[in-house]
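To start, the structure itself, in structure tokens.
The values are calculated or read from the model by the stated rules, or taken from the named source; none is laboratory data. Bear in mind that the values here come from a model prediction, so they are computed numbers and not experimental data. Every residue, glycine as well, gets a Cβ built from its backbone with ideal geometry; the counts of neighbours run over all protein chains shown. Side chains are part of the model used for accessible areas, which takes the heavy atoms of the whole protein and leaves out ligands, DNA and RNA. Shrake-Rupley method; radii C 1.70, N 1.55, O 1.52, S 1.80 Å.
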Amino acid sequence: MRILAAMSGGVDSAVAAARAVEAGHDVVGVHLALSRAGGTLRTGSRGCCTIEDAMDARRAADRLGIPFYVWDFSERFRDDVIDDFISEYQAGRTPNPCMRCNEKIKFAALLERALELGFDAVCTGHYATLVEGADGLELHRASDGAKDQSYVLGVLTAEQLAHTYFPLGSTPSKALVRAEAAERGLTVAQKPDSHDICFIPDGDTRGWLAEKVGTASGDIVDRSGAVVGSHEGAHAYTVGQRRGLSLGIPAPDGKPRFVLEVRPVSNTVVVGPKEALATAEIAGERYTWSGRAPETSSFACDVQIRAHADPVPALATLCDGVLTVRPESHFDGVAPGQTAVLYDGTRVIGQFTIDRTVSAVPAEV
């Protein structure tokens, strides 16, 4: 096949490209410039898409003997990922920018251009597995559960899966990938993995949002509506947050309070006891199926609500365009804007963006 290898400058994408070459494919490497003013250097594991990353990707491509290009996707990234991130927070939701990047950039904009140029597939260093099932390709978890990235790939459709290539999915551990990179003479063999949000390399999401949307003081209230504190911007708070609340009135029982809800229209943050974070139901209208759609409108599945959360057995029901999930045991601290990915064993069924949550604890608690 003609393969376009997306090379971030990290060890995973470099080894993935190397395996594609070794498998006999015609491989071309590409690094995506996602910022018009990218930083020069990384700081440990913080940030990505810097000039240093582009240079690391080029050195890896040179080592593999494949052509290499840098494509400017900064405008698309700003519109589809950064602006979406800001608007979601302004609406009181908690977005996942990695999901949007996979959905809108790597497996939409990049894949579209790759197909236009005659490539058969896009290769990435994601840890996930593609399996040929009875009804077409299926997306499954990686062999290494600790590195499994099927959750952030849950947005991929059957058509996109048909043009993807994940060479690392069956690798038992990341240590083996690093060892292989060293054996191949790739200089990124011991390069730290990227963490945090790539366009907020210092990790200060609250400060970054304050610069983008400004500050506006408002009330922090308990579940009865009583004012217990104040804030300088509701967008800086997320469901489940405990630290940084600076409440002026302690809880009657003296226990810590947690953010239960963010109400952007009234610029209000609602806090309450930890038990109130228990969620009995989630629902959303923005859903996609990864491969074949379920055959019935109601089906059992496992649901994962964060990249590294444990899957929870649940019943999913699709009715009037709304996908509702009721877990067997309550979710903890779910926020609108998060993504719920549905599994059948190791196979990804599909995903949806959570629009509504139902607390398992009555408001009077």
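For segment 272-307, the set of residues classified as among the polar types (S, T, N, Q) and assigned to a strand (DSSP E or B) consists of Thr279, Thr288, Ser298, Gln304, listed by residue number. Residues in segment 272-293 that are over 23 Å from Arg93 (Cβ atoms) and either buried (at least 16 other Cβ atoms within 10 Å of the Cβ) or of a type in the set (Lys, Arg) (or both): 2 in all.
Every residue, every condition in (1) open to solvent by less than 40 Å² (accessible area, probe 1.4 Å); (2) under 27 Å from Leu32 (Cβ atoms), yes or no:
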| position | (1), (2) |
| --- | --- |
| Gly169 | yes, yes |
| Lys174 | yes, yes |
| Glu180 | yes, yes |
| Gly185 | yes, yes |
| Gln190 | no, yes |
| Phe199 | yes, yes |
| Asp222 | yes, no |
| Gly225 | no, no |
| Val228 | yes, no |
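If you go through segment 68-109 and keep only what is open to solvent by 20 Å² or more (accessible area, probe 1.4 Å), farther than 14 Å from Leu34 by Cα and touching a Ser or Thr at 6+ places or on another chain (Cβ under 7 Å), you end up with Thr94, Asn96.
One residue stands out among those in segment 237-271 that are hydroxyl-bearing (Ser, Thr, Tyr) and assigned to a loop (DSSP other than H, G, I, E, B): the one that is nearest to Gly333 (Cα to Cα), which is Thr238.
Scanning segment 123-138 for residues that are touching a residue at least 60 places away in the same chain (Cβ under 8 Å) and more than 19 Å from the chain's Cα centre (by Cα), we see that the one that is farthest from Val188 (Cα to Cα) is Asp135. Summed over segment 308-337, the residues that are open to solvent by 20 Å² or more (accessible area, probe 1.4 Å) and part of a loop (DSSP other than H, G, I, E, B) give a count of 10. Restricting attention to segment 206-222, which residues are assigned to a helix (DSSP H, G or I) and either touching a helix residue (DSSP H, G or I) at 6+ places or on another chain (Cβ under 8 Å) or aromatic (Phe, Trp, Tyr) (or both)? Of everything in segment 206-222, those that are assigned to a helix (DSSP H, G or I) and either touching a helix residue (DSSP H, G or I) at 6+ places or on another chain (Cβ under 8 Å) or aromatic (Phe, Trp, Tyr) (or both) turn out to be Arg206, Trp208, Leu209, Ala210, Lys212, Val213.
Scan segment 90-97 and tell me whether some residue there is within 26 Å of Asp344 (Cβ to Cβ), in contact with a strand residue (DSSP E or B) (Cβ under 6 Å, 6 or more places away or on another chain) and at pLDDT 95 or above. Checking segment 90-97: not a single residue is within 26 Å of Asp344 (Cβ to Cβ), in contact with a strand residue (DSSP E or B) (Cβ under 6 Å, 6 or more places away or on another chain) and at pLDDT 95 or above.
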